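Engineer: Below is a structure I'd like to ask you about.
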There are 2 protein chains.
Amino acid sequence: MIQKVAIVGGTHGNELLGVYLVKKWQEFPELLQRDSLKCVTLISNPAAVAIKQRYVDRDLNRCFAANDLADEDLNSYEDRRAKEIAIRLGPKDHPLADVILDLHTTTSNMGISLLPSSKHPFNLRLAAYLHSLYPDIRICFGLQHGQDAPMLRSLSPLGYTIEVGPIAQGVLNADLFQRTEQLVHEILNYVDAMNQGNLPPVPSMVTVYQAIANVDYPRNSSGELQGMVHPQLQFKDYEPLPPGQPMFLSFTGEEIFYSGETLVYPVFINEAAYYEKQIAIVLTEKQRVDLGKG
Amino acid sequence: MIQKVAIVGGTHGNELLGVYLVKKWQEFPELLQRDSLKCVTLISNPAAVAIKQRYVDRDLNRCFAANDLADEDLNSYEDRRAKEIAIRLGPKDHPLADVILDLHTTTSNMGISLLPSSKHPFNLRLAAYLHSLYPDIRICFGLQHGQDAPMLRSLSPLGYTIEVGPIAQGVLNADLFQRTEQLVHEILNYVDAMNQGNLPPVPSMVTVYQAIANVDYPRNSSGELQGMVHPQLQFKDYEPLPPGQPMFLSFTGEEIFYSGETLVYPVFINEAAYYEKQIAIVLTEKQRVDLGKG
């Protein structure tokens, strides 16, 4: 029985879609009402939202490692905020919020991507159900998933980071706003139906993308950028990248190729916020997962 | 005779294309060598580039009004920087840089747009020539053009702000990087040929877009956003917008229509940096300009 669903926006202050969806639901809470569950809404990083920046001191969505939450000496704005949020939605071993949905945007062409908090069957079945409704949504496991991860979503094993793109930082996109809103409503409908023993039919198999490695931009020995994502790869998130295909183009025009030995499916291609994390591309493997019987 | 061309990047620190093009040319200055002219390159807002933000204190590209340059009491970082740049490239009435090219990006779908510093025949003829080489470039006069404008380009009557998009803030786009690089080379080739009396043939007519009004987002009485650019208008820069067509979609789903009486051509649609300037869309009129004989 899932009693409480938390819907979070503004974990990054320049990702406006989640901020304005949460504000809408705070103004019209009746939109989130379902018979068998309670929704809580949260703007998680209000100071970053106010200055329209990703963060004030450090990335809030990397402040939720259990060790960091327990470390009283960490007291940047975001570290303090993470501790407040953990009290409100956590703790990790027995969260007050049964399901957490954390709404993000990306400059990558990832459409609507669900990044599950764990491999819990609930997350996989719900994702498979949503994929049956909206065949263009994708399910992607990060390098860090499960409750050891430092992301906000890790406060509960159930739920997702929902990444929506491509959207530039600091702008709203009406089409993706409406599609994300609809998706969240379908999640609430599913949970409500499940609580009432009326689980809708769920496909028995689902395709997921499992992150296996990060690739940085070409840089010189001082760390200065020397190139860009190759035009043939830009906006090609989730498309197959075979060995030997171009990944980067240097500023002086040289092509740099994917030197791995296996077929991969890149995601987070040219995400603005990941330049500082030394990530140009996240490589994933495509997998089929058997969900068994629901 | 045009002796000095200034190529400027990083007027906004989160618009990376100009920053990395200028850095490339600073590393390989021979690429800019032409027989009859000298190029100078400049990263105009290095402090903003270092923090990857549009500006430190205020928008540098609004600091070049003659009154502000003369006002010793204005001493924000960008006001001080504008005065330094005016000494290096100006003054407005007799600039050291004959031609100024200031490289920007936009989150709007404006392709490569030339925003001329004035209606000087040089700017129009060169723009017409470039349009004959690259039919997808556009020529757009802002509401503020001429040397009364507060933009960096206003230090000289000759030259352009070059806007390139759509590009999210904080990212590079390899295709647009290469196309912008090629365009700047063609500008230098044209000026060099003109200096040597070998002006290439120039079309006698050119299409320009003249800004006539700004339109803000729907907001409530506290100034808070109440809606977004309509999905039918998003990314439709330079496409005709007839009276009665939808412009915005409120967060609660109501459509808001263009209520003007004339056909317009919107630009800067949903530009991230213009939310704070209360500009959602810049309306332009399409005009044909007779260039006469070269």
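The values are calculated or read from the model by the stated rules, or taken from the named source; none is laboratory data. Predicted model, so just to flag it, every value in this text is computed and none were measured. Reconstructed Cβ throughout: ideal geometry from the backbone, glycine too, with neighbour counts over all protein chains shown. Just the protein is used for accessible areas: all its heavy atoms, side chains included, with ligands, DNA and RNA removed. Shrake-Rupley method; radii C 1.70, N 1.55, O 1.52, S 1.80 Å.
Engineer: From other protein chains only, count the Cβ atoms within 10 Å of every residue's Cβ in A:223-229, then give the mean.
Structural biologist: The per-residue average across the peptide is 4.
Engineer: Find the chain B residue whose Cβ sits closest to the rotation axis that carries B onto A, and give that distance in whole Å.
Structural biologist: B:Ala168, 2
Engineer: Measure out, as a whole number of angstrom, how far apart the alpha-carbon centroids of region B:24-66 and region B:209-288 sit.
Structural biologist: 31 Å
Engineer: Have a look at the DSSP beta bridges in the protein assembly as shown and tell me what percent are antiparallel, nearest 5.
Structural biologist: Numbers: 56 of 100 bridges.
If I count the DSSP bridges inside the protein assembly as shown, around 55 percent turn out antiparallel.
Engineer: Considering only C-alpha atoms, what is the centroid distance from region B:85-129 to region A:88-150, in Å?
Structural biologist: Region B:85-129 and region A:88-150 have Cα centres spaced 47 Å from each other.
Engineer: Mind checking region A:237-276 for GluC sites (Glu not before Pro) that DSSP puts in a loop (not H, G, I, E or B) and that have at most 14 other Cβ atoms within 10 Å?
Structural biologist: On the way: sites: A:Glu254, A:Glu255, A:Glu261, A:Glu271, A:Glu276; in loops: A:Glu254, A:Glu261, A:Glu271, A:Glu276.
Answer in residue order: A:Glu254, A:Glu261, A:Glu276.
Engineer: Per residue of region A:72-82, what does 6.51 cos²θ - 1.76 cosθ + 1.60 with θ = phi - 60° give for ³J(HN,Hα)? Whole Hz please, x for Gly and Pro, Karplus curve as stated.
Structural biologist: Those phi angles translate into 5, 6, 7, 9, 4, 3, 5, 5, 5, 5, 4 Hz.
Engineer: So what is the diffusion coefficient of the protein assembly as shown in µm² per second by Stokes-Einstein at 25 °C and 0.890 mPa s, using a Kirkwood Rh over Cα pairs?
Structural biologist: After rounding, the answer is 95 µm²/s.
Engineer: For chain A, with only Lys/Arg (+1) and Asp/Glu (-1) charged at the beta-carbon, what is the dipole magnitude about the Cα centre, in debye rounded to 20? Before the final figure, lay out the partial values.
Structural biologist: Numbers: 25 positive and 34 negative charges, 126 e Å.
It comes to approximately 600 debye.
Engineer: Going 7 Å from Cα along the Cα-Cβ axis for the label, what nanometre distances separate A:Pro231 from the same residue across the other copies?
Structural biologist: Distances between equivalent label points, in nm: 3.1.
Engineer: Mind listing the label-point distances from A:Glu186 to the same position on all other copies, shortest first, one decimal in nm, points 7 Å along Cα→Cβ?
Structural biologist: 4.5
Engineer: Which residues does a label at A:Asp216 reach in region B:10-30, if reach means a backbone N under 18 Å from a point 7 Å past the Cα toward the Cβ?
Structural biologist: None, by backbone N distance to the label point.
Engineer: What FRET efficiency would be calculated for the residue pair A:Gln3, B:Ser132, taking the C-beta separation as r and a Förster radius of 51 Å, to the nearest 0.05?
Structural biologist: Numbers: r = 67 Å, r/R0 = 1.32.
Between A:Gln3 and B:Ser132 the formula returns 0.15.
Engineer: Another question, if that's okay. If each of A:Lys277 and A:Glu239 carries a label point 7 Å out from its Cα toward its Cβ, how far apart are those two points in nm?
Structural biologist: Output for this residue pair reads 2.4 nm.
Engineer: Run down the lysines and flag those whose C-alpha is under 21 Å from the C-alpha of B:Lys4, throwing out any fewer than 8 positions away in its chain.
Structural biologist: List returned: B:Lys23, B:Lys24, B:Lys38, B:Lys83, B:Lys92, B:Lys119.
Engineer: Can you list the GluC sites (Glu not before Pro) in region B:1-102 that are in a DSSP coil and have 10 or fewer other beta carbons within 10 angstrom?
Structural biologist: Hits after loop and neighbour filter: B:Glu72.
Engineer: Also, I was wondering about something else. Using amide H atoms built in the peptide plane, which far-off residues or other-chain residues are under 5 Å from A:Phe141 H to H?
Structural biologist: For A:Phe141, whose amide H was placed from the backbone, the distant partners under 5 Å are A:Tyr209, A:Gln210, A:Ala211.
Engineer: With +1 on each Lys and Arg Cβ and -1 on each Asp and Glu Cβ, and nothing else charged, work out how big the dipole of region A:4-75 is about its Cα centre, in Debye to the nearest 20. Intermediate values should be presented prior to the final figure.
Structural biologist: Details: 9 positive and 10 negative charges, 77 e Å.
For region A:4-75, the charge dipole is close to 360 debye.
Engineer: Under 16 Å Cα to Cα from A:Lys286, which aspartates and glutamates show up? Leave out anything in the same chain fewer than 8 places away.
Structural biologist: Output for A:Lys286: A:Asp136, A:Asp237, A:Glu239, A:Glu261.
Engineer: Then there's this: Can you bin region A:1-113 into rounded, prolate or oblate? Criterion: square roots of the alpha carbon gyration tensor eigenvalues sorted a ≥ b ≥ c, rounded for a/c under 1.5, prolate for a/b above b/c, oblate for the rest. Intermediate results must be reported in sequence, preceding the final value.
Structural biologist: On the way: a/c = 1.80, a/b = 1.15, b/c = 1.57.
Taking the square roots of the gyration eigenvalues as a ≥ b ≥ c, region A:1-113 is oblate.
Engineer: Also, quick follow-up: Carbon-plus-sulfur fraction of the accessible area of the protein assembly as shown, 1.4 Å probe, in percent?
Structural biologist: Numbers: 11640 of 23390 Å².
So the carbon and sulfur contribution to the accessible surface is 50 percent.
Engineer: Kindly provide the helix-only [θ] at 222 nm of chain A, computed as the sum of -39,500 (n - 2.57) over DSSP H runs of four or more divided by all residues, to the nearest 500 deg cm²/dmol?
Structural biologist: Here the helix-only value at 222 nm equals -7500 deg cm²/dmol.
Engineer: On to the next question. Only four residue types carry charge here, +1 at the Cβ of Lys and Arg and -1 at the Cβ of Asp and Glu. Report the dipole size of the protein assembly as shown about the Cα centre in Debye, rounded to the nearest 20.
Structural biologist: That gives the protein assembly as shown a dipole magnitude of about 360 debye.
Engineer: Related question: Starting from the Cα of B:Gln226, move 7 Å in the Cα-to-Cβ direction to define the label point; list residues of region A:28-66 whose amide nitrogen is under 20 Å from there.
Structural biologist: A:28-31
Engineer: Sticking with this structure for a sec: Given all pairs of different Cα atoms, what value in angstroms does the Kirkwood hydrodynamic radius of region B:212-282 take?
Structural biologist: Value: 12.2 Å, from the Cα pair sum.
Engineer: Distances from A:Asn198 to the same residue in each other copy, label points 7 Å out along Cα→Cβ, in nm, shortest first?
Structural biologist: So the distances to the same position in the other copies read 8.0 nm.
Engineer: Placing +1 on the Cβ of each Lys and Arg and -1 on the Cβ of each Asp and Glu in the protein assembly as shown, which of A:Met110, B:Asn45, A:Leu155 has its Cα farthest towards the positive end of the resulting dipole?
Structural biologist: Of the candidates, A:Met110 comes out farthest on the positive side.
Engineer: Mind checking the per residue accessible area of the protein assembly as shown for me, 1.4 Å probe, whole number of Å²?
Structural biologist: Working: 23390 Å² over 588 residues.
It amounts to 40 Å² per residue over the protein assembly as shown.
Engineer: For B:Gln196 and A:Leu74, FRET efficiency with R0 = 45 Å and r from the beta-carbon atoms, rounded to 0.05?
Structural biologist: Calculated value: 0.10.
Engineer: What is the local net charge at A:Val229, summed over the other residues whose Cβ is closer than 12 Å to its Cβ (Lys, Arg +1; Asp, Glu -1)?
Structural biologist: Residues close to A:Val229 contribute a combined charge of -4.
Engineer: Hey, if you put +1 on the Cβ of every Lys and Arg and -1 on every Asp and Glu Cβ in chain B, which of B:Ala272, B:Ser222, B:Val171 ends up farthest toward the positive end of that dipole?
Structural biologist: B:Val171
Engineer: Which whole-number percentage describes the relative contact order of region A:213-281, with Cα contacts under 8 Å and a sequence gap of 6 or more?
Structural biologist: That works out to 34 percent.
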